[in-house]
Amino acid sequence: MALNNTYSFDEFLNWRNNVNFYADDTFLQKVAMHFAGSDFPRLDIEARRLSELTSFKWRDISDDIAWPHNRIFMQHYDGHNHRIDRIVRPKALEEMEKEVFSQGLFSSKTSPWERLIKMILIYENGEAGIDCPLVCTEGLVALLEKYHDHPELEKILQHCKEGMDGNFAIGAQYLSEIHGGSDVAANDLEAVEEGDHWRLYGKKFFCSATHADYVVITARPKGSEHVGLFVMPSWIDKKNEKRNNYTIDRLKWKLGTAELPTAEITFNGAIAYQTGHIQRGVANVVGIVLTHSRLTVGLSAAAAMIRAAREATAYANFRTAFGFPINQFPLLKRQLNEINLYAKRTLAGAFKIYEMFQSLPGGLKGGLTTDEDIATQQKRFRVRILIMLQKIVASWDATDVLRKAISVFGGHGVMEDFSSLPRLFRDMMINELWEGPRNVLLTQIYRDIQRAASWYPVKQCINDLLYNADSCVIDDVTAAFDRCLSSNFIYPGQDNDELCLLWEEAAHKLLHEFQNCALHEVEAAREDAALAGK
Ligand SMILES: Cc1cc2nc3c(=O)[nH]c(=O)nc-3n(C[C@H](O)[C@H](O)[C@H](O)COP(=O)(O)OP(=O)(O)OC[C@H]3O[C@@H](n4cnc5c(N)ncnc54)[C@H](O)[C@@H]3O)c2cc1C
């Protein structure tokens, strides 16, 4: 037996170390070109510029900060008995965060397509302590663009969008309380009005991006049946680490997104500013803020999948077993094809949903109906349903695809120091849970479709969603929806296991077929362009 086994992974590692997330991904470029249209040439330059950072420097930092010895921790007091609740994070993460936020992604100078492509390139590195703060800031900006009728809110909006003295603010969102995260309307955190602002008292139990500058926060005005929505600055005096009358009790120890602080917090008179009508808090937080977060879950799932598919494909080309490259074994080849198909259609579907979302007149509006014409209301409804469907299906598929990609690497797949895939897998598991868990959204979609049936029959809705699918596919999906909607099995006391399973499958099938439509659209456009000699 040879004492010195000279086997080396270097050929694969050389390839991987030099992959540029954008420049080497012709499919991503094609999708961007198709959907961004005339914005593409400028976007292409910007994406290539950012990709030099995400594909190399930020990629390495993202891996490095995930090591246990770099784990974030709390320092509750300084050496002079001042309560500071400092969140200690690796310096490299803080520098990367500054570089990411300095891109001005939410500036009015950044077009929506430019923002989208840049976010995807950033998301290819997984959470890395960056994704959650980015999307929370996006949600905060969207909320404040609608409601900024207080000088403080106007200042916060400018700080997030355009920066102040070169410093761009970071947002967070605190909704969940210990007794129930799904049911925001059951919030207990109390808001007491005081002049032109409010003060908050009570606890929140899941507070991610705890290091943020400003927080979108739900609370119940004292004595009210309704939950209101507020924006809370994190600091009274940031330089001297004086928080806004709240204490960070504990950081959670999590399966995934470990580089991101998620805390339990007690508020004792924190100053906050009302955003929107005080009785419309739940509608506004769901309709505006969570909608952005849910869209992002779809995008980050697509980003993680395209990275996993790329790396698994290259590894299967490099690795041999029994004298063959492993990508020549039919079983493995099929799995790889599936991984690549899921990655591509999730990406195409995410761009298509973003296109539909961008075309909504006047942006997002809370609630199921508006006073617009029926065609616009139906369009809004399709976007609403697609965003929820994408949230649950893309996050579900992402863990599945990551698991399969890991298995292509065999035992090396689960080694945290062999590739980033185990970390991405753990992050994807979190995507499934936050921003509205699966069962809650499956129930919401069911309820919405029932409520809209009088002005948007389910058959018409599915026909519109599956805009280039074969009629037999549309008929199949419609039949499953009709069957589920004919009984109220989804509500407590009406149990029907068969229909519950059918509803999950039908929801997945509808989104997958929609993603296939988007993929066909991109591929057909490529063929048209080829025929036209472009
Ligand atoms: C890492 C991480 C970070 C987070 N960060 C934040 C944050 O920054 N801000 C924030 O506000 N929240 C945050 N959350 C909380 C997250 O949004 C909640 O965990 C989520 O909303 C679910 O709430 P819960 O955990 O209380 O579960 P529960 O509400 O107790 O739900 C438990 C189960 O019951 C199911 N269920 C509940 N209601 C229904 C229904 N009507 N029909 C069918 N099934 C139902 C759910 O799907 C779930 O499977 C974070 C969570 C995680 C894991």
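Considering the convex hull of the alpha carbon atoms of the range 171-281, report its projected area averaged over all viewing directions, in nm², one decimal.
Numbers: hull surface 28.4 nm².
Taking a quarter of the hull surface, the average projection is 7.1 nm².
If contacts are Cα pairs under 8 angstrom and at least 6 residues apart, what is the relative contact order of the range 171-281 in percent?
Details: 265 pairs, mean separation 34.0, N = 111.
Rounded, it is 31 percent for the range 171-281.
Taking Lys352 as the anchor, which aspartates and glutamates have their alpha carbon closer than 16 Å to its alpha carbon, excluding any fewer than eight residues away along the same chain?
Counting by Cα, and skipping residues close in sequence, Lys352 has these aspartates and glutamates nearby: Asp39, Glu114, Asp464, Glu513, Glu521, Glu523.
Testing the spin-label approximation: label points 7 Å from Cα along Cα→Cβ at Glu193 and Ile271. State their distance in nm.
The modelled label-to-label distance comes out at 1.9 nm.
Fewest Cβ neighbours within 10 Å first, please rank Ile271, Ile117 accordingly. Could you put the intermediate results ahead of the total?
Values: Ile271 16, Ile117 27.
Fewest-to-most Cβ neighbours within 10 Å comes out as Ile271, Ile117.
Say the cut-off is 30 Å between C-alpha atoms; which of Lys333/Lys459; Lys30/Lys391; Lys30/Lys252; Lys98/Lys333 go over it? Intermediate results must be reported in sequence, preceding the final value.
Numbers: Lys333/Lys459 37 Å; Lys30/Lys391 24 Å; Lys30/Lys252 40 Å; Lys98/Lys333 41 Å.
Check vs 30 Å cut-off fails for Lys333/Lys459; Lys30/Lys252; Lys98/Lys333.
What FRET efficiency, computed as 1/(1 + (r/R0)^6) with R0 = 25 Å and r the Cβ-Cβ distance, is obtained for Asp482 and Arg438, rounded to the nearest 0.05?
Details: r = 22 Å, r/R0 = 0.90.
Working from the Cβ atoms, E equals 0.65.
Tell me the volume per residue, in Å³, of the convex hull enclosing the alpha carbons of the range 129-216. Numbers along the way, then the final one.
Details: hull volume 10.2 nm³, N = 88.
Normalising the Cα hull of the range 129-216 by residue number yields 116 Å³.
With a Förster radius of 41 Å, plug the Cβ-Cβ distance of Asn317 and His508 into 1/(1 + (r/R0)^6) and report the FRET value to the nearest 0.05.
Numbers: r = 30 Å, r/R0 = 0.74.
So the FRET efficiency works out to roughly 0.85.
Measuring from the lowest to the highest alpha carbon on each principal axis, how far does the range 257-391 reach, largest first, in angstroms?
For the range 257-391, the Cα extents along the three principal axes come out at 68, 47, 18 Å.
Between Asp448 and Gln328, what is the label-point separation in nm under the 7 Å Cα-to-beta-carbon projection?
Taking the simple label geometry, Gln328 and Asp448 are separated by 4.9 nm.
How many nm separate the modelled label positions at Lys109 and Glu416, each set 7 Å beyond the Cα in the direction of the Cβ?
4.0 nm
Find which of Thr320, Cys517, Tyr342 sits farthest along the positive direction of the dipole of the chain, computed with +1 on the beta-carbon of Lys and Arg, -1 on that of Asp and Glu, about the Cα centre.
Thr320
Pull out a ≥ b ≥ c, the square roots of the eigenvalues of the alpha-carbon gyration tensor of the range 10-161, then state rounded if a/c is under 1.5, prolate if not and a/b is larger than b/c, and oblate in the remaining case.
Oblate is the answer for the range 10-161, as a/c is 1.5 or above yet b/c matches or exceeds a/b.
What percent of all Cα-Cα pairs in the range 282-531 falls in each 5 Å bin, counting up from 0?
Spelled out bin by bin, the range 282-531 gives 1, 6, 13, 15, 17, 16, 13, 9, 6, 3, 2, 1, 0, 0 percent.
Give me the Debye-computed log₁₀ of I(q)/I(0) at q = 0.09 Å⁻¹ for the chain, equal point scatterers on Cα only, no solvent, two decimals.
-0.68
Quick one: compute the contact order of the range 1-160, relative version, from alpha carbon pairs under 8 angstrom and 6+ residues apart, as a percent.
Working: 111 pairs, mean separation 33.4, N = 160.
It comes to 21 percent, rounded to a whole number.
State the antiparallel share, in %, of DSSP beta bridges confined to the chain, rounding to the nearest 5. Provide the component values of the computation, followed by the final result.
Values: 37 of 43 bridges.
Among the beta bridges of the chain, antiparallel pairing accounts for roughly 85 percent.
Based on the Cβ-Cβ distance from Tyr491 to Glu241, what FRET efficiency comes out when R0 is 51 Å, to the nearest 0.05? All intermediate terms of the calculation are to be shown ahead of the outcome.
Numbers: r = 49 Å, r/R0 = 0.95.
In this case the efficiency is close to 0.55.
What is the fewest-to-most order of His80, His512, His226 by other Cβ atoms lying within 10 Å of their Cβ?
Details: His80 6, His512 20, His226 15.
Least to most surrounded, the residues fall as His80, His226, His512.
Per q in 0.13, 0.24, 0.26 Å⁻¹, report the Debye log10 I(q)/I(0) for the range 96-172, using one uniform scatterer on each alpha carbon and no solvent.
Log-scaled intensity ratios, in q order: -0.36, -1.18, -1.34.
Given a cut-off of 29 Å, name the pairs among Lys254/Lys365; Lys118/Lys254; Lys109/Lys254 whose C-alpha atoms lie farther apart than that in the structure shown.
Working: Lys254/Lys365 34 Å; Lys118/Lys254 27 Å; Lys109/Lys254 37 Å.
Among Lys254/Lys365; Lys118/Lys254; Lys109/Lys254, the Cα-Cα distance tops 29 Å for Lys254/Lys365; Lys109/Lys254.
Which order do Ile178, Ile445, Ile306 fall in if you start with the one that has the fewest other Cβ atoms within 10 Å?
Ascending number of Cβ neighbours within 10 Å: Ile178, Ile445, Ile306.
As a test of the formula, what do you get for the chain when each DSSP H run with n ≥ 4 contributes -39,500 (n - 2.57) and the sum is divided by the residue count, at 222 nm and rounded to the nearest 500 deg cm²/dmol? Walk me through the intermediate numbers first.
Working: 17 runs with 271 residues, N = 534.
Estimated from H runs of four or more residues: -17000 deg cm²/dmol.
Can you give me the Cα centroid spacing of the range 485-522 and the range 87-150 in angstrom?
Value for the Cα centre distance between the two parts: 33 Å.
In percent, how large is the relative contact order of the chain, given Cα pairs closer than 8 Å and 6 or more residues apart?
Values: 810 pairs, mean separation 67.8, N = 534.
Rounded, it is 13 percent for the chain.
Rule-based calculations on the coordinates, nothing more; no lab input. Here the structure is a predicted model, which means the values were calculated and not measured. Backbone-built Cβ (ideal geometry, glycine too); neighbour counts: all protein chains shown.
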